[in-house]
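**Student:** I am attaching a structure below and will ask some questions about it afterwards.
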Amino acid sequence: MHPTIQKFHDLVLAHNHDDVPALMADDVTFQPPTYWATWNGREAVGAVLGHVNEVFTDFEYRRVMGDGKDWALEFQCKVDGLDCVGVDLFTLNEEGLIQEMEVVMRPHKTIGALRAAMNERVAKDPAFLKHKSALS
């Protein structure tokens, strides 16, 4: 496994999202599973992932697939007591940092619960609101 992907994997399982942004390119892009939009930049993406860390429970990775600069980490978790399966899709840049990240999940009901939980959390976080401009 690529060292960046291994480090991401280990940090997520340790609930240490504070160190995840160091694995990202400055101009990283993130496409969330809850709506069709893109978050841009290390600080904004780090803020989003930090909140996700608080919403997901019983999180574990099931499989890691990939080679070179393209990787997929399959996971399972719960959101508000609802089961979920998803995949983190990564593209690394030439320096081995995360350049692109996209998350796909199912089922639809759990994605709705994730969106509601995230909206509630970020609406109460003044530090997060400054990142809204990073959303395209």
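Any read-out appearing in this document is the output of simple, stated calculations on the displayed coordinates, not a laboratory observation. Predicted model only: the values in this text are computed from it and were never measured. Using ideal geometry, Cβ is built from the backbone for each residue, glycine included, and neighbour counts are taken over all protein chains shown.
**Student:** Straight-line reach from LYS109: which aspartates and glutamates fall under 12 Å, measuring Cα to Cα and dropping same-chain residues less than 8 apart?
**Tutor:** ASP80, ASP83
**Student:** How far apart, in nm, are the 7 Å Cα→Cβ label points at HIS108 and ARG63?
**Tutor:** It is 2.5 nm.
**Student:** Something else about it: Identify which of the listed values of Cα extents along the principal axes in Å was calculated from the structure shown: (i) 49, 30, 30; (ii) 50, 27, 25; (iii) 36, 32, 26.
**Tutor:** Computing Cα extents along the principal axes in Å and matching it to (i) 49, 30, 30; (ii) 50, 27, 25; (iii) 36, 32, 26 gives (iii).
**Student:** Right, something else. Check each of the GluC sites (Glu not before Pro) in segment 58-116 and keep only those in coil by DSSP with at most 13 other C-beta atoms within 10 angstrom; list them in order.
**Tutor:** Of the GluC sites (Glu not before Pro), the ones in loops of segment 58-116 whose Cβ has at most 13 other Cβ atoms within 10 Å are GLU94, GLU95.
**Student:** What does the charge count near VAL103 come to, summing +1 for each Lys or Arg and -1 for each Asp or Glu among other residues with Cβ under 13 Å from its Cβ?
**Tutor:** -2
**Student:** If I take every Cα pair under 8 Å that is 6 or more residues apart in the chain, average their sequence separation and divide by the length, what percent do I get for the relative contact order?
**Tutor:** Computed over the chain, the figure is 25 percent.
**Student:** Counting other C-beta atoms within 10 Å, which of ARG63, ARG106 has the fewest, and how do the rest follow?
**Tutor:** ARG63, ARG106
**Student:** While we're on this one: How far apart, in nm, are two points set 7 Å out from the Cα along the Cα-to-Cβ line at LEU13 and at ASN119?
**Tutor:** The two pseudo-label positions are separated by 3.4 nm.
**Student:** When we measure straight from the Cα of LYS78, which aspartates and glutamates land under 16 angstrom away, once same-chain ones fewer than 8 places off are left out?
**Tutor:** Output for LYS78: GLU54, ASP58, GLU60, ASP88.
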